[in-house]
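Any read-out appearing in this document is the output of simple, stated calculations on the displayed coordinates, not a laboratory observation. On a predicted model such as this, the values are computed, not experimentally measured, just so you know. For neighbour counting, all protein chains shown are included, and Cβ atoms are generated from backbone atoms with ideal geometry for every residue, glycine included.
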Amino acid sequence: MRRTVLFLLMLFVTSLAQDSIENFLGRWALYLPGGAGWLNVTQEEGYLDAELLWYGGSVTPVDYVHIDNGKLVVMRTRRVVRERDKNDEPTRVHLQPNILELENYGDLLGGKMTAPHRDGKGIEITRFTGKAIPPLPPAPHLETLRFGTPVTLFNGKDLTGWVLTDKSRKNSFSVQEGVLVNDPPKGHSHPRSGNIRTVDEFEDFNLKMDVAVPQGSNSGIYLRGIYEVQILDSYGKDPDSHHMGAIYSRITPAVSAEKPAGEWQSFDITLCDRHVTVVLNGTTIIDNEPLLGVTGGALTANEFEPGPIYLQGDHGPVKFRNMILTPIIK
């Protein structure tokens, strides 16, 4: 009798654990203090897995994920070099653990991230919320889209219509001979320059602009403030999700179509129904591909509200001109 009761209890506990797992599976928008993140939880054959975006950078696989008393526990580690030899090779490395604990409330999450300070003295706790991301709609038929009146984002004279995303940062953008130029100061001794965004906000649209990126430089165009189209001097390199025209760390261009550093290059970008098309220098490098979530540096985790166009100003020098946005009418 006791064995039967124990067996039934184990079945009940296993069932509860499975129910808890099901509650967490799928893609989640993470609303972080002052920023955005993204989490994708999957159940593979015999184990749980997850991918995480935490504020900036790339979407990366986590180091471990499990269920504990109905909570989802996600661990990622950060490599911290403590000592180096005379050739600057690491001789002592720590793996700093960052632990996320998440509770499910239907299509909402409550969570906290616990991370030790870099010096090992104490911890930092970040509390956040999450929301389930609805399934993607079918890819739109681009040939049937209806467009409204084109909007000139940059007047070629001044920064009217543009503001810093963070007013505490220095603005390194200026207008020179009808071109919008970002020239941030070099070196770690200088404060980081700020990103700029349009005052106006937009839903779905087509965006055309020209960019010129100097040798070795890096920037980005954020669609609706949440999806980054990468700007990078990557001429001559194979396609990569971090190269010119990519949706940063999410969508790799089908082909490389960038020009050498310093030359003017043209973008023709269409954002519609959480799908994106990128035409670089007349070549379609991303063809109506789905957007699974926001990219690093997004202003918000919300993919369902109008947002600005914003330009990265804290990475490197870059030039912009002929910036025309045409809204899609639905």
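Exposure proxy check: Thr165, Thr42 ranked by fewest other beta carbons within 10 Å? It would help to have the intermediate numbers written out before the result.
Values: Thr165 18, Thr42 14.
Going from sparsest to densest Cβ surroundings: Thr42, Thr165.
Using 0.36 nm per residue of separation minus the Cα-Cα distance, give me the extension gain between Val81 and Lys121 in nm, one decimal.
12.8 nm is the gain from fully extending Val81 to Lys121.
Just to be sure I understand the curve: with the Debye formula and one point per C-alpha of the chain, what is log10 I(q)/I(0) at q = 0.13 Å⁻¹?
-1.07
Could you tell me how far the Cα centroid of segment 162-226 sits from the Cα centroid of segment 32-86, in Å?
After rounding, the separation between the Cα centres reads 29 Å.
Can you list the aspartates and glutamates whose alpha carbon sits under 12 Å from that of Lys237, skipping same-chain ones fewer than 8 residues off?
Within the straight-line cut-off, Lys237 pairs with Glu258.
Mind checking the dipole of the chain: about its Cα centre, +1 per Lys or Arg Cβ, -1 per Asp or Glu Cβ, Debye to the nearest 20?
Values: 33 positive and 40 negative charges, 201 e Å.
Taking the Cα centre of the chain as origin, the dipole is about 960 debye.
Multiply the residue separation of Ala254 and Thr284 by 0.36 nm, subtract the distance between their alpha-carbon atoms, and state the gained length in nm to one decimal.
Result: 10.0 nm gained on full extension.
Direction-averaged shadow area of the convex hull around the Cα atoms of segment 283-330, nm²?
5.5
Once you charge only the Cβ atoms, +1 for Lys and Arg and -1 for Asp and Glu, what is the size of the charge dipole of segment 2-132 about its Cα centre, to the nearest 20 debye?
So the dipole magnitude of segment 2-132 works out to roughly 420 debye.
Taking Rh as the Kirkwood radius computed over C-alpha pairs, what is the Stokes-Einstein D of segment 2-132 at 37 °C in a medium of viscosity 0.692 mPa s, expressed in µm² per second?
D, rounded to a whole number, is 197 µm²/s.
Along its three principal axes, how long is segment 114-207 when you only count alpha carbons? Whole Å, largest extent first please.
Result for segment 114-207: principal-axis Cα extents of 58, 45, 19 Å.
Can you tally the net charge around Ala115? Count Lys and Arg as +1, Asp and Glu as -1, for every other residue whose Cβ sits under 15 Å from the Cβ of Ala115.
It works out to a net charge of +3.
For segment 118-126, in order, what is each residue's ³J(HN,Hα) by Karplus, 6.51 cos²θ - 1.76 cosθ + 1.60 with θ = phi - 60°, in whole Hz (x at glycine and Pro)?
Coupling constants for segment 118-126: 4, 7, x, 9, x, 10, 10, 10, 10 Hz.
Sort Lys131, Lys121 so the one with the fewest other Cβ atoms within 10 Å of its own Cβ comes first.
Lys121, Lys131
Taking the 0 to 90 degree range and rounding to the nearest ten, how far is the long axis of helix 2-24 tilted relative to the main principal axis of the chain, both from C-alpha atoms?
Orientation of helix 2-24: about 10 degrees from the principal axis.
Could you identify which residue out of Gly56, Gly313, Gly245 has the top mean-square fluctuation in a GNM of the chain using Cα springs shorter than 10 Å?
Gly56
For Leu145 and Glu201, FRET efficiency with R0 = 25 Å and r from the beta-carbon atoms, rounded to 0.05?
Calculated value: 0.80.
Kindly put Arg82, Arg224 in sequence by how many other C-beta atoms sit within 10 Å of each C-beta, fewest to most.
Arg82, Arg224
Relative to the present Cα-Cα distance, how much length would full extension add between Glu45 and Glu22 at 0.36 nm per residue of separation?
Extra length from Glu45 to Glu22 when fully extended: 6.9 nm.
Give the separation of the Cα centroids, segment 252-330 to segment 114-160, in Å.
That distance is 12 Å.
What does the convex hull of the alpha-carbon atoms of segment 142-329 project to on average, in nm²?
10.2
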